[in-house]
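The values are calculated or read from the model by the stated rules, or taken from the named source; none is laboratory data. Fair warning: this is a prediction, and the values are worked out from it, not measured in the lab. Cβ placement follows ideal geometry from the backbone for every residue including glycine, while neighbour counts extend to all protein chains displayed. These accessible areas exclude ligands, DNA and RNA; they are computed on the full protein's heavy atoms, side chains included. Shrake-Rupley method; radii C 1.70, N 1.55, O 1.52, S 1.80 Å.
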Amino acid sequence: MQKINQKFSQKFNLGCQLDYTIAQPSTLIWTVQVASDRAQKIVREELKLNPPIEVEEYISPLEGNRYIRSNAMPGSLQLSYRATVEMFQFDAQPEAAAEIPAADLPLETLHYLYPSRYCQSDLLVGLANSEFGDLEPGYARVSAICDWIYSKVKYLSGSTDSQTSACDTARERAGVCRDFAHLGIAFCRALNIPARFVSAYAYRLEPADFHACFEAFLGDRWYLFDATRLAPLDGIVRISIGRDAADVSFGTLFGEVQMEQMNVFVESAEENSQSDNFQESSEAVTRAPAISLSESLVAK
């Protein structure tokens, strides 16, 4: 097992505001609350719905994803979420992280080897092997996958939609963060490396938005990768993980619902003294932090 030592920590203030117009009784499911694990701790958080309506919360036992559900009547609805999160960075030696044969992988990682809706790894085996098959297995090979995506795929807003898959991105060579993540995941799985989708808040992402990247299982833990290179890895604050974007959409709407506006923010708590004035509204709906069984480390 690799030796991992805590190096330093930093705090971020982050959150989002989502505004909707609802035409008929509808159900809304959100995944916008940050996860809590060894690498990130929720110092404080606030969830508020205006007008105030009942919220149900479910925390998935394996991934630690936090789902909230509300049933809303016609009219306007605003969700506001904000949190202060402390991120712990670790000294790691990623160059020593090896690929693990399927026979020796932890059982809980196995379903991240299979093709999924947006990551058809079975259709990309040929391309993955021709481009990466001769490379040294391990962390360096996953890094090479990210380099390939960064150099071969153009980051182009509006070039894809909710139906775009990894195969589409490999063919069209254009996409946004979720497409970069899907392609990285599909290439890894095609090489028998477990990989999973990560939705996140991202410090210094411009313009501010929900972000997507991926993790690959190497050695005895998950490592974070971002082929877009749009934000520093040590500023990625994880919301949820899944096989692909279908598992971790920030909002899933059942009914006639129109999103009117979305605002996302992430700022350094050390650089912004307003973090000391964080006040929880008496109308807020608050929940205890989720505990995730996965422990993702950032290695640079």
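A few comments on the model shown:
- Checking each residue in region 11-31 for being assigned to a strand (DSSP E or B) and either within 15 Å of Ser70 (Cβ to Cβ) or open to solvent by 50 Å² or more (accessible area, probe 1.4 Å) (or both) picks out Lys11, Gln17, Leu18, Asp19, Tyr20, Thr21, Ile22, Ser26, Thr27, Leu28, Ile29, Trp30.
- Count of region 96-119 residues which are surrounded by 17 or more Cβ atoms within 10 Å (Cβ to Cβ) and not in a loop (DSSP other than H, G, I, E, B): 2
- Odd one out for Leu224, checked against (1) under 16 Å from Trp30 (Cα atoms); (2) at pLDDT 95 or above: (1)
- Beta carbons closer than 6 Å, at least 6 apart along the sequence or on distinct chains, pair a first residue in region 142-159 that is among the charged types (D, E, K, R) with a second that is in a strand (DSSP E or B) for Lys154/Ala174.
- Residues of region 190-219 satisfying the condition of being free of Cβ contacts under 8 Å to residues at least 40 places away in the same chain and either part of a strand (DSSP E or B) or assigned by TED's automatic domain parsing to the domain that holds Gln33 (or both): Ala200, His211, Ala212, Cys213, Phe214
- Applying the criterion of being within 16 Å of Tyr20 (Cβ to Cβ) and under 23 Å from the mean Cα position of the chain (by Cα) to the residues of region 54-75, the residue that is surrounded by the fewest Cβ atoms within 10 Å (Cβ to Cβ) is Arg69.
- Test for Ala144: is it out of contact with any Lys or Arg (no Cβ under 6 Å at 6 or more places or on another chain), of a type in the set (Gly, Ala, Ser) and surrounded by 19 or more Cβ atoms within 10 Å (Cβ to Cβ): no
- A search for C-beta distances below 8 Å between a residue of region 112-128 that is among the charged types (D, E, K, R) and any residue that is open to solvent by 20 Å² or more (accessible area, probe 1.4 Å), counting only pairs 6+ apart in sequence or on different chains, returns Arg117/Arg243; Arg117/Ala246; Asp122/Pro115.
- The listed residues are Asp134, Asp161, and the only one of them that is farther than 17 Å from Thr228 by Cα and either in contact with a Gly (Cβ under 9 Å, 6 or more places away or on another chain) or modelled with pLDDT of 95 or more (or both) turns out to be Asp134.
- All of (1) crowded, with 24+ Cβ neighbours inside 10 Å; (2) more than 23 Å from Arg38 (Cα to Cα) hold for Glu206 with one exception: (1).
- Selection of region 256-273 for residues being open to solvent by 40 Å² or more (accessible area, probe 1.4 Å) and in contact (Cβ under 8 Å) with a residue 40 or more places away in the chain yields Glu256, Gln258, Met259, Glu260, Gln261, Met262, Asn263, Phe265, Glu267, Glu270.
- Selection status of Gln93, at pLDDT below 95 and open to solvent by 50 Å² or more (accessible area, probe 1.4 Å): yes
- Region 36-53 - residue that is modelled with pLDDT under 95 and out of contact with any Phe, Trp or Tyr (no Cβ under 8 Å at 6 or more places or on another chain) and, of those, surrounded by the fewest Cβ atoms within 10 Å (Cβ to Cβ): Asp37
- Within region 147-161, tally of residues that are among the hydroxyl-bearing types (Ser, Thr, Tyr), open to solvent by 70 Å² or more (accessible area, probe 1.4 Å) and in contact with a strand residue (DSSP E or B) (Cβ under 9 Å, 6 or more places away or on another chain): 1
- Candidates Phe180, Phe132, Phe187, filtered to the one that is outside the structural domain of Tyr67 (by TED's automatic domain parsing) and within 30 Å of Arg82 (Cα to Cα): Phe180
- Lone unmet requirement of (1) under 27 Å from Arg243 (Cα atoms); (2) open to solvent by 30 Å² or more (accessible area, probe 1.4 Å); (3) among the aromatic types (Phe, Trp, Tyr) for Phe8: (1)
- Against the numbered list (1) open to solvent by 20 Å² or more (accessible area, probe 1.4 Å); (2) within 14 Å of Asp122 (Cα to Cα); (3) of a type in the set (Ser, Thr, Tyr), Ser165 comes up short only at (1).
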